[in-house]
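Read-outs throughout are calculated quantities, based only on the coordinates presented, and are distinct from any laboratory measurement. Note that the coordinates shown come from a computational prediction; the quantities given were computed from them, not determined experimentally. Methodologically, a virtual Cβ is constructed for each residue, glycine included, from the backbone with ideal geometry; neighbour enumeration extends over all protein chains shown.
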């Protein structure tokens, strides 16, 4: 279903050919995870919910793949936090920005940012540097689903808490983020929505989750779990 949706969105101009390749890379890791949310994924998703609720100016950064795969849950999460939504893409054209913003609005989003950038992310030379001051530029916590590394690092270098959703725990994005969620995007968003709803108004719980979460440890455990799964599925070929 996800492949068909992405192919359709590519035909409509929302998703690029490189976006299709990126999705294929992620699918490979999903197979290795058994196409399920690992315990470590859920732990990261709970921590991500806490960081978003604690933030002063949380932003959900949306690219073509993210908008195509699950606009509804991106919007629901933004409404529940609440957080701003900003479109930010590498292959930027005015027409593609209009398509993506219209797509999000058709699914219920309001005040989607990104069409009229008035700031730049330092350290990026591509059009991905273009952003809005009230959104990405002034955010303190930012969720970047389906990311490819350079923007995540630039945002982290700005001092922002970067939350990534990237099935590959070894990617540049996962290595850079403060909270690395290695999970399929829809599963991750659905879990985060549940946790945000559960934790609203529970300041002590939020603070404790933020204080005790170790991204390095959680990412290491994720990699170990994937390796363990591969060894199990190989029937003892790999030891």
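Data overview
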item	result
q = 0.09 Å⁻¹, the chain: log10 I(q)/I(0) [Debye, one scatterer per Cα]	-0.35
Relative contact order for the chain, counting Cα pairs under 8 Å that sit 6 or more residues apart, in percent	24 percent
Förster-model FRET efficiency, 25 Å R0, residue 138 and residue 170, C-beta, rounded to 0.05	0.20
DSSP beta bridge pairing in the chain, given as percent antiparallel to the nearest 5	10 percent
